[in-house]
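The values are calculated or read from the model by the stated rules, or taken from the named source; none is laboratory data. Keep in mind that this is a model prediction, so the values were computed, not measured. Positions of Cβ are generated from backbone atoms using ideal geometry, with glycine treated the same way; all protein chains shown enter the neighbour counts. All accessible areas refer to the heavy atoms of the entire protein, side chains included, with ligands and DNA or RNA removed. Shrake-Rupley method; radii C 1.70, N 1.55, O 1.52, S 1.80 Å.
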Amino acid sequence: MSKTQEKDGDNVMESIISLCKRRGFIFQGSEIYGGLAGTWDYGPLGVALKNNIKKLWWKRFVDDRDDMYGVDAAILMNQKTWEASGHVGGFADPLVECSKCKHRFRADQLDAEATTKKKCPDCDGKLGETKSFNMMFKTHVGAGEDTASVSYLRPETAQGMFVNFKNIVDSFHPKLPFGLAQIGKAFRNEIAPRDFLFRAREFEQMEIEYFIKPPKDAKDSEWKKTFDNFVGEIKAFMADVGLDAKKVHELEVPDGERAHYSKHTIDFEFDWPFGRKELYGLAYRTDFDLKQHSDFSKVDLSYFDEDAKERFIPHCIEPSFGLDRTVLAVLCDAYREDDMGALDKEKVEKRIFLKLAPSVAPYKVAVFPLLKNKPELVKKAKEVFEMIKKEFSIKGVSGVTFDDNGNIGKRYRRQDEIGTPYCVTIDFDTLEKSAGVTVRDRDTGKQERVTEGELIDFLQNKL
Ligand code: ATP
């Protein structure tokens with residue numbers, strides 16, 4: 001059993017949060033003011049990691065397909081959108097408040113003792129009655145504060161695609177089946193934000209609304225083929241970002257527990273350090289959304305099938321991905337501790353590293369001069385750095401960094417912690433004996449000499 005597994009979940013999460021802050025991945029939102037619960041700010045390396053994930057998603061689900069249309073809809077939408085979608089009436093969680101300490105909890109997340117005895121888990125005070133709490137952030141658009149000016153920060157990106165269905169049909173005339181895809185912010189006033197990026201109040205989603213012909217009758221299960229195809233694509237995307245397939249579990253959500261719009265749902269759950277919980281969802285939303293928006297807007301959102309000469313409201317299959325949950329899953333899966341510090345001639349008890357897939361790592365290669373105060377080494381290292389930057393890339397991203405801060409051992413540790421797969425060092429043998437550079441492997445600590453002429457091919461083959 002590895003050291004990572006020996007640590008309990010809370011400790012692992014603490015180590016990951018601390019690494020993210022220390023190395024400039026992710027910070028607490030509004031930290032200098034004491035923070036704002038449920039918000040997180042991405043620093044330079046966090047943005048790079050997140051952007052790499054977004055790019056892989058967009059490539060797989062939009063660029064590499066000819067049946068997918070990208071959109072970027074406004075976050076603020078006409079309030080009728082949320083009446084039609086069911087969010088004004090039903091997007092609520094059960095809330096209980098302690099009469100003594102006034103702390104608030106989600107009633108469905110309390111343990112058995114707190115639920116049956118109505119006892120506050122924080123102070124043993126008496127819990128009040130369960131109330132329904134709508135999770136949408138309400139705001140007013142314009143100077144007026146009347147009900148007509150009410151709007152909401154969108155709690156999901158999905159509705160931005162349904163309200164643009166007709167625009168895409170009228171401007172691109174796509175043949176069914178086709179999908180709309182979007183990446184963007186969503187906001188939920190979660191009662192109890194927790195577990196770092198897992199349950200935040202502001203987060204990003206990557207969603208697809210994929211439109212298909214309606215079933216001919218109750219026995220027609222054509223939709224299942226599209227649904228199953230997306231199960232495969234979701235798994236393939238998880239492999240793209242390097243997630244361990246053994247930590248992902250499919251859960252078919254039973255009748256009665258599905259969202260009001262869904263006829264069939266699979267949750268993709270992940271083994272987080274804090275337990276097995278949802279990472280992504282896949283739902284068969286039927287024609288619920290387009291019908292609702294047709295009814296509420298009085299705009300006909302039906303589709304005319306030229307081949308069959310039929311008009312109908314298409315049905316819809318929705319794969320829904322949390323982007324921040326993907327970032328967190330990738331970090332949790334990659335976090336490692338081992339005893340390899342000594343290999344770098346550093347007296348350290350343990351080495352922390354992120355075993356990130358090169359496809360998502362903020363940097364793929366780091367280049368160092370062995371010593372910072374030897375101008376000839378620094379000059380050569382800069383040349384090698386520029387050469388790699390120009391000639392090396394993974395799917396169009398070069399991701400190369402130059403590092404001459406601190407001694408070489410410290411630099412290896414820093415690059416290990418941010419998940420850089422390879423470090424290239426320029427030493428005196430490079431200069432004096434034309435002996436090439438050393439390339440160090442993050443996971444094994446093994447170093448190899450590689451000639452300058454072979455370096456790009458060597459890295460390109462490894463990554
Ligand atoms: P949960 O049951 O965990 O609250 P959900 O079923 O309400 O999630 P959906 O409405 O299906 O979630 O949202 C789609 C995806 O958006 C989720 O699979 C998840 O990846 C992400 N997501 C939802 N809520 C949050 C949140 N508060 N913080 C971060 N990501 C979230």
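Straight-line cross-link partners of residue 309 among the lysines, defined as a Cα under 22 Å from its Cα and at least 8 positions apart when in the same chain: 166, 175, 213, 216, 291. Convex hull volume of the C-alpha atoms in the stretch 346-463, normalised per residue: 94 Å³. In the assembled protein chains, residue 54 presents an accessible area of approximately 50 Å² (probe radius 1.4 Å).
Isolated cysteines of the chain, defined as having no other cysteine beta carbon under 4.7 Å away, are 20, 316, 332, 423. Averaged over its residues, the chain has an accessible area of 49 Å² per residue, based on protein heavy atoms and a 1.4 Å probe.
Regarding the stretch 28-173, what's the average projected area of the Cα-atom convex hull, expressed in nm²?
Details: hull surface 56.2 nm².
Result: a mean projected hull area of 14.1 nm².
Percent of Cα pairs in the stretch 412-463 per distance bin of 10 Å, from zero to the largest separation: 26, 51, 22, 1.
Counting each DSSP H run of 4 or more residues in the chain as -39500 (n - 2.57), what helix-only mean residue ellipticity at 222 nm follows after dividing by all residues, to the nearest 500 deg cm²/dmol? Write down the numbers at each step before the final one.
Values: 15 runs with 147 residues, N = 463.
One gets -9500 deg cm²/dmol as the mean residue ellipticity at 222 nm.
What does the charge count around residue 160 come to, taking other residues whose C-beta lies under 12 Å from its C-beta (Lys +1, Arg +1, Asp -1, Glu -1)?
That works out to -3.
With q set to 0.14, 0.20, 0.23 Å⁻¹, the log10 of I(q)/I(0) for the stretch 222-337, from the Debye formula over equal scatterers at the Cα positions, is -0.70, -1.08, -1.27.
Treating each Cα of the stretch 89-156 as one equal point scatterer and applying the Debye formula with no solvent, the log10 of I(q)/I(0) at q = 0.15, 0.25 Å⁻¹ comes out as -0.60, -0.99. Based on C-alpha pairs under 8 angstrom that are at least 6 apart in sequence, the chain has a relative contact order of 13 percent. Taking all protein chains as shown and a probe of 1.4 angstrom, residue 65 keeps an accessible surface of around 60 Å².
With the full set of protein chains in place, find how many percent of the accessible area of the stretch 3-121 is carbon and sulfur; take the probe as 1.4 Å. For the stretch 3-121, the apolar C and S fraction of the accessible surface comes to 51 percent. For the stretch 113-220, the C-alpha radius of gyration sits at 1.59 times the compact-globule guess of 2.2 N^0.38 Å, with N the residue count. Each other residue within a Cβ distance under 15 Å of residue 303 adds +1 if Lys or Arg and -1 if Asp or Glu, for a net charge of -4. Bridgeable aspartates and glutamates around residue 119 (alpha carbons under 13 Å apart, same-chain partners fewer than 8 residues away excluded): 97, 111, 129.
Using a 10 Å Cβ count of at most 13 others and DSSP loop calls, identify the longest part of the chain lacking such GluC sites (Glu not before Pro). Intermediate values should be presented prior to the final figure.
Working: sites that count: 129, 145, 257, 306, 349.
With a cap of 13 other Cβ atoms within 10 Å, the longest stretch comes to 1-128.
Taken about its Cα centre, the chain carries a charge dipole of roughly 1080 debye when the Cβ of each Lys and Arg holds +1 and the Cβ of each Asp and Glu holds -1.
If you wrap a convex hull around the alpha carbons of the chain, what volume per residue comes out, as a whole number of Å³? Each step should come with its number before you reach the end.
Working: hull volume 92.3 nm³, N = 463.
Per-residue hull volume (Cα only) is 199 Å³.
Rounded to the nearest 0.05, what FRET efficiency do residue 116 and residue 60 give with R0 = 56 Å and r taken as the Cβ-Cβ distance? Could you check?
Details: r = 47 Å, r/R0 = 0.84.
In this case the efficiency is close to 0.75.
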